[in-house]
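Take a look at the structure set out below.
The values are calculated or read from the model by the stated rules, or taken from the named source; none is laboratory data. As the structure is a computational prediction, the values presented were derived from the model and not from experiment. Here the Cβ is made from the backbone with ideal geometry for all residues, glycine too, and neighbour counts use every protein chain on show. Side chains included, ligands, DNA and RNA excluded: accessible areas come from the protein's heavy atoms. Shrake-Rupley method; radii C 1.70, N 1.55, O 1.52, S 1.80 Å.
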Amino acid sequence: MSTNEAPEILSLTTAAAPERSSAPAALCGRRLGEILVETAGLAPEKLEEALALQQGEQAGVRIGEILVRIKAASEEDVLRALALQLDLPFVERIDLDSVPAELAAKVPIHFARQARVLPLGAQGDLVRVAVVDPLDTAAQDSLSMLLGAPVAPEVTPTEVVVDAINAVYDRAADEHEKLMEDLETEDLESVAHELQEPADLLDADDEAPIIRLVNSLMFRAVKERASDIHINPEEKDISVRYRIDGVLREIIRPPKRFQASIASRIKIMGGLNIAEKRLPQDGRIRIKIAGKDVDIRLSTVPTAHGERIVMRLLDKSSVVLDLGQLGFETWQRKIMDGLITRSHGIVLVSGPTGSGKTTTLYGALAQINSPDLNILTIEDPVEIPLKGVGQVQVNPKIELTFANGLRSFLRQDPDVIMVGEIRDLETADIAIQASLTGHLVLSTVHTNDAAGAITRLVDMGVQPFLVASSLVGVLAQRLVRVLCPECKRPYVPTAEERATIGLTDAILAKAGSPEHLYKAVGCAACNHTGYQGRTGIYELMLVDDDVRPLILKSVDATTIKRAAVDRGMVTLMEHGAYKVARGLTTAPEVLSVTAEDIR
C-alpha cells in the first residue's frame, strides 16, 4: 500500500518485470487516492475522510491502509491501484506447479511469511517475485540477496501469497511421509548394518532413506525456525518434536525399529561414539542449508527406551544483533546504552535457560564493538563469531574454565570482558576485581528477577560491599510469543483480566489507551498456533544510591525490588502488560513467564 504522496523509488536491487499493467499510462505515477476514485469507484468523500485521519490520529499510516480499515476500499482494490501507480504487474492467482522448488529452497519459510513474498520463477537475469507490499524495498533487498539475483516484484493479494507460501513449503513437509514410505519398503537389516560402520556410512549414497530422513528433519527445522529438535524413543515408536517459539510441537512418529539407525546417523554427524549407548555424549554438527551456515549442538542421554537425542540449532544468519529489534522500549534502550558504554563495572543479564540472555549480550557487544576497544569473551560454547572480538571457548578437560580464562584476560589489556555465565565464587570474585580495576564486565546469572541476581552473588559467597561497589545494573528478561498479524482477533477484556495482568490505567495510557486487546486464533500462516516469532520483556534495575545501601545491609531480594520499583523500575509483568496493551502479545503468554511477579 502507499501513502498519498508520489510513489517511493524502488531499491537498486529490484528490477521491474517486462510485462506491465495494461492500465492507461496517464495513471502511472498519479496519487493512489486519485487512481482509486477513477478505477475502483472510491467515493471522494471517503477519500477526504481517510486523508483527514492520516493528518490526525492515524498520522504516519499509509492512505491505502486507512481506506481498507474504514472499509472504503478492499485490499485488492488498493493493491491494483498501487500496481497501476508503480507500473507493476498485478497477479490475481499463482500457478503453484510453476514455482521452482530450488528457488523456494533459498528463502526461509519464516522470512517468506513475515515479508509476504514468494519467488515465482526466473525471467532472464531476474527473478519474478510475488509481493504484497511493493514499497517494502528492505524485504526485496533481502530476498535479492537470498536468491542471488535482482528481483522483479509483481503485486499480489495477501491471501493469494500466503496460500501459495503454505502450499509450496508444505511440499517439504510432505517429503517426510514419502521418506517413511521408502523406509517401510527398505531392507532395514542392511541399512542398520551400514549405519553401524562409520566408514561405510560416510561413503554411503545420499539417497539412503535414513540419511534423507535425518537431512529432511534438519532442513524442515531450519525452515520453520525451530530452535531445538527432540528425538524421544518411546515404548512402541519414536516421537520427533520441534521447539518453535519456545513451544514443543510433534512432527512425526517413526516406527521403533528405525531408532538405532536414526541415532547412529546423527551420532556420526556429530562425531560421537556410536558404540557407546550407556553414557551421555555431547557433540557438534555443522551443516549448510540453502546457503546458510547452521551450528547444531548435539546431546544424547540413555533412557529406559533407548537414547534420547536433543539438537539445538543456531542459524547464524538469522541471529538478531540489534538491541532495537529485541523488544526494548525507547526508555529501556536509553538506560541500557548508558550501562554498556561505561568504562567499568559489572552489568548482569538474568533469567532462566532459553530466555535470550546470550543474545542480549551479543547485541550489546555488537553495539559497542569498535577498533578502539579491546573486547574479550569467554563462552560455553562460542555461538556467534563477532568480528574484531577475541572469543574463547571453555574446555574443562584442559582446565580452561570461566575463572581461569577470565584470569588470563586481565593480562590481555581488555576494555570490555564478557563472561558467558557466573557460576561460582571464583568466577564472581575475578569478575568483580576486573570491574574494580577499570574494566566493563558483562555476564549472565540464572535468577528469576533483577533483584534476585544481587542475592545470588551474595549466596555464592561474595561480600556485600564488593557487590555494592562493582555492580552497576541488572537486566532480567523473558521471551514471549508475538501474535500472528494475519489472524489475531480483538476483544474487550474484563476488569478481572486487566487486574490479573496488572493492566493499569497508566500502562494503557502509555500504550495509547487502546479500547481492546487481542487474542490468538490460529491460521495457516502461523501453523494454527496464533503466534509468529518471539520478543523480549525486560526488567532493568540500576544499582544506584537507593539500592546500594540495601545491598550493604544484606536485605532480601523482595525489599531491594520494592525500592527499585519505588524509584520507577518497570517490572517484567508491567512491561509484558504494556506489550499486551499494544497488541503484540496476549495476557496468558505474559502470565506464563512472569508468575513470580504476582503479589
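Points worth noting:
- Counting only residues that are more than 20 Å from Val458 (Cβ to Cβ), of a type in the set (Ser, Thr, Tyr) and at pLDDT 90 or above, the stretch 397-436 holds 1 of them.
- Matching residues, the stretch 52-98, being basic (Lys, Arg) and open to solvent by less than 60 Å² (accessible area, probe 1.4 Å): Arg62
- Elements of type helices (runs of 4 or more DSSP H) in the stretch 527-591, at least 1 residues being β-branched (Val, Ile, Thr) and over 19 Å from the mean Cα position of the chain (by Cα): 548-552, 557-566
- Residues being out of contact with any Leu (no Cβ under 7 Å at 6 or more places or on another chain), under 26 Å from Gly533 (Cβ atoms) and surrounded by fewer than 20 Cβ atoms within 10 Å (Cβ to Cβ) - total across the stretch 232-244: 3
- Unique residue being assigned to a helix (DSSP H, G or I) and either of a type in the set (Phe, Trp, Tyr) or modelled with pLDDT of 85 or more (or both) when the list is Leu120, Leu103, Leu146: Leu103
- Filter result (hydrophobic (A, V, I, L, M, F, W, C), assigned to a helix (DSSP H, G or I) and over 26 Å from Lys46 (Cα atoms)) within the stretch 76-100: Leu96
- Selection within the stretch 319-356 - of a type in the set (Gly, Ala, Ser) and in contact (Cβ under 8 Å) with a residue 60 or more places away in the chain: Gly327, Ser343, Gly345, Ser350, Gly351, Gly354, Ser355, Gly356
- Residue, surrounded by the fewest Cβ atoms within 10 Å (Cβ to Cβ), within the stretch 408-427, restricted to residues that are under 23 Å from Gly351 (Cα atoms) and among the aliphatic types (A, V, I, L, M): Leu425
- Filter pass, Tyr169 being open to solvent by less than 50 Å² (accessible area, probe 1.4 Å), of a type in the set (Ser, Thr, Tyr) and at pLDDT below 90: yes
- Of the strands (runs of 3 or more DSSP E) lying entirely inside the stretch 243-327, those containing at least 1 residues that are over 30 Å from Ala104 (Cβ atoms) are 281-289, 292-303, 306-315.
- Pick from the stretch 441-455, criterion part of a strand (DSSP E or B) and not aliphatic (A, V, I, L, M), ranking: surrounded by the most Cβ atoms within 10 Å (Cβ to Cβ): Ser443
- Listed by first and then second residue, the pairs linking a residue in the stretch 414-440 that is in a strand (DSSP E or B) to a residue that is among the aromatic types (Phe, Trp, Tyr), with Cβ atoms under 7 Å apart and 6 or more places separating them unless they lie on different chains, are Ile417/Phe409; Val419/Phe402.
- Filtered residue count, the stretch 330-376, keeping only those that are more than 21 Å from Gly246 (Cβ to Cβ) and either part of a strand (DSSP E or B) or touching a strand residue (DSSP E or B) at 6+ places or on another chain (Cβ under 8 Å) (or both): 20
- Hey, Arg333 among the charged types (D, E, K, R) and under 28 Å from Lys397 (Cα atoms) or not: no
- Of all residues making up the stretch 490-522, the number that are in contact with a Ser or Thr (Cβ under 9 Å, 6 or more places away or on another chain) and either in a loop (DSSP other than H, G, I, E, B) or of a type in the set (A, V, I, L, M, F, W, C) (or both): 5
- Those residues of the stretch 470-506 which are more than 30 Å from Thr341 (Cα to Cα), open to solvent by 40 Å² or more (accessible area, probe 1.4 Å) and among the hydrophobic types (A, V, I, L, M, F, W, C), in sequence order: Val492, Ala495, Ala499, Ala506
- Every residue from the stretch 62-120 that is basic (Lys, Arg), closer than 25 Å to Asp170 by Cα and touching a strand residue (DSSP E or B) at 6+ places or on another chain (Cβ under 8 Å): Lys106, Arg113, Arg116
- Residues that are more than 20 Å from Ala260 (Cβ to Cβ) and open to solvent by 70 Å² or more (accessible area, probe 1.4 Å), drawn from the stretch 285-308: Arg286, Lys288, Asp293, Arg297
- Candidate set from the stretch 36-75 (those that are in a helix (DSSP H, G or I), more than 32 Å from the chain's Cα centre (by Cα) and among the β-branched types (Val, Ile, Thr)); member that is nearest to Leu86 (Cα to Cα): Thr39
For (1) surrounded by 18 or more Cβ atoms within 10 Å (Cβ to Cβ); (2) closer than 14 Å to Met218 by Cβ; (3) among the small types (Gly, Ala, Ser), each residue gets a yes or a no:
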| site | (1), (2), (3) |
| --- | --- |
| Arg249 | no, no, no |
| Ser264 | yes, no, yes |
| Met269 | yes, yes, no |
| Leu279 | no, no, no |
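- Among the conditions (1) over 18 Å from Ile210 (Cα atoms); (2) surrounded by fewer than 19 Cβ atoms within 10 Å (Cβ to Cβ); (3) out of contact with any strand residue (DSSP E or B) (no Cβ under 6 Å at 6 or more places or on another chain), Leu323 misses just one, which is (2).
- Hits in the stretch 369-407 (condition: in contact (Cβ under 8 Å) with a residue 24 or more places away in the chain, buried (at least 16 other Cβ atoms within 10 Å of the Cβ) and among the hydrophobic types (A, V, I, L, M, F, W, C)): Ile375, Leu376, Ile378, Ile384, Leu386, Val389, Val394, Phe402, Ala403, Leu406
- Taken together, Asp424, Asp449, Asp429, Asp380 contain a single residue that is among the acidic types (Asp, Glu) and under 22 Å from Leu323 (Cβ atoms), which is Asp449.
- Tally of residues being open to solvent by 30 Å² or more (accessible area, probe 1.4 Å), under 29 Å from Thr359 (Cα atoms) and touching a Phe, Trp or Tyr at 6+ places or on another chain (Cβ under 7 Å) across the stretch 514-573: 2
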